[in-house]
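Visitor: Attaching a single structure in structure tokens format; questions to follow.
The values are calculated or read from the model by the stated rules, or taken from the named source; none is laboratory data. A quick note: this is a predicted structure, and the numbers were derived from the prediction, not measured. When we count neighbours, we look across all protein chains shown, and the Cβ atoms used for this are built from the backbone with ideal geometry, even at glycine.
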Amino acid sequence: MTAAAGPVASERLNRYLARHGVASRRGADALIEAGRVRVNGDPTRLGTTVDPTADHVTVDGQPVGEPVALRTLVLNKPLGVVSTRTDPQGRSTVLDLVDDPRGLYPVGRLDADSRGLLLLTSDGDLAMRVTHPRHGITKRYRATVTPHATTHTLRRLTYGVELSDGPARALEATLSGRDRQGDVVEVVMAEGRKREVRRLFAAVQLRVVDLVRTAVGPVALGRLKEGHARPLSHAEEQQLYAAVGLIPPKRR
């Protein structure tokens, strides 16, 4: 075990954990920082590399299992469900909605009070690239807002506003209709900062009463029923992997 660059056979510990379905790379880093991961019985640190053929890796004292098959699902997340693998408060998680959750973890987050498309994957490389802004994977949302979305406020959304954690803007913002709750605005975002869409609307004096994510990159929610999940279609898989510069896994 070493934190420096190793032989060709070695790989970073966070990638190893992600490849074995323990957590996403970010989640694996959190496990490592919390002291819950050991290699050959020794404590680890961020940047550690392992030899998958020789090193013995444990999490909370339990051996890490075999690598999991690479697969990605599209989930239509309902309200009140949290986008984590487990929840200390005992709330329902997105994995509770999947028949076979082995090795899966959410790609990014969708707040408990938001609903719609969330990707679940066992591919840590895919998850990392989809969530990193430099790969340009956009997210489309349908927001119902009050009181009214004027032409001026829509322009402000795309021009940009200053939030507490820096500037933010929508790539697109269009009024698509009205319903009993308020005006319906379609927005396309390049980032996925915490509650960014809601904070963006709040900055132009609009309150979001309903927020649905309808697409992530080339993958659209379509007619998938709320609370249900489905595998990526072959075309979606090819397009999503190509969009982030990865080769899609071979289908069995």
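Visitor: Do we have any residue at all in the range 31-40 that's among the basic types (Lys, Arg), surrounded by 14 or more Cβ atoms within 10 Å (Cβ to Cβ), within 24 Å of Val197 (Cβ to Cβ) and in contact (Cβ under 8 Å) with a residue 24 or more places away in the chain?
Guide: no
Visitor: Output the strands (runs of 3 or more DSSP E) that fall wholly within the range 150-252 and possess 3 or more residues being of a type in the set (A, V, I, L, M, F, W, C) and closer than 23 Å to Leu75 by Cβ, or say none.
Guide: 182-189, 207-216
A quick yes/no check of all residues on (1) in a loop (DSSP other than H, G, I, E, B); (2) assigned by TED's automatic domain parsing to the domain that holds Ala190; (3) in contact with a Leu (Cβ under 9 Å, 6 or more places away or on another chain); (4) farther than 26 Å from Pro249 by Cβ:
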{"position": "Arg15", "(1), (2), (3), (4)": "no, no, no, no"}
{"position": "Asp29", "(1), (2), (3), (4)": "no, no, yes, no"}
{"position": "Asn76", "(1), (2), (3), (4)": "no, no, yes, no"}
{"position": "Asp99", "(1), (2), (3), (4)": "yes, no, no, no"}
{"position": "Leu110", "(1), (2), (3), (4)": "yes, no, yes, no"}
{"position": "Gly116", "(1), (2), (3), (4)": "no, no, yes, no"}
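Visitor: Output the residues belonging to the range 53-94 that are of a type in the set (Lys, Arg) and more than 25 Å from Leu13 (Cβ to Cβ).
Guide: Lys77, Arg91
Visitor: Name every residue in the range 38-54 that is over 27 Å from Lys250 (Cα atoms) and over 23 Å from the mean Cα position of the chain (by Cα), in order of residue number.
Guide: Listed by number, the residues that qualify are Arg38, Val39, Asn40, Gly41, Asp42, Pro43, Thr44, Arg45, Thr48.
Visitor: While we're on this one: Do we have any residue at all in the range 119-135 that's assigned to a loop (DSSP other than H, G, I, E, B), within 22 Å of Glu237 (Cβ to Cβ) and among the aliphatic types (A, V, I, L, M)?
Guide: So far as the range 119-135 goes, no, none of its residues is assigned to a loop (DSSP other than H, G, I, E, B), within 22 Å of Glu237 (Cβ to Cβ) and among the aliphatic types (A, V, I, L, M).
Visitor: Continuing with this model, one more query. Search the range 135-149 for residues that are polar (S, T, N, Q) and pair each with any residue that is in a loop (DSSP other than H, G, I, E, B) when their beta-carbon atoms are under 8 Å apart and the residues are at least 6 apart or on different chains.
Guide: Note: pairs meeting the criteria are Thr138/Leu171; Thr138/Ala190; Thr138/Gly217; Thr144/Gln181; Thr146/Gln181; Thr146/Leu206.
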